[in-house]
Amino acid sequence: MDVPLWCALLAVGYLGVKLIRPPWWLIAVLLLGGYLLADSVLAPVINTAVK
């Protein structure tokens, strides 16, 4: 069964927020940090580490 990545991330994120209940500022910092890292000099390094 093939599930799109965005759908899997959405489901995991929703369950994580419902079960763990992290503060909203932490979620915002993680999302903003991920967005900024994806467009930084470290993006190729992260890409090779993920693959």
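How big is the Rg/Rh ratio for the chain, C-alpha atoms only, Rh by Kirkwood, two decimals?
Values: Rg = 13.3 Å, Rh = 12.8 Å.
Computed over Cα atoms, the ratio is 1.05.
Nonpolar atom fraction for the chain, defined as the carbon and sulfur part of the 1.4 Å probe accessible area, stands at 76 percent.
Residue ranges 14-24, 37-47 sort as 37-47, 14-24 when ordered by packing (mean number of other C-beta atoms within 10 Å per residue, highest first).
The values are calculated or read from the model by the stated rules, or taken from the named source; none is laboratory data. Values in this document were obtained by computation on a predicted structure and should not be read as measured data. Neighbour counts run over all protein chains shown; Cβ positions are idealised from the backbone, glycine included. Note: areas computed on protein heavy atoms with side chains; ligands, DNA, RNA excluded. Shrake-Rupley method; radii C 1.70, N 1.55, O 1.52, S 1.80 Å.
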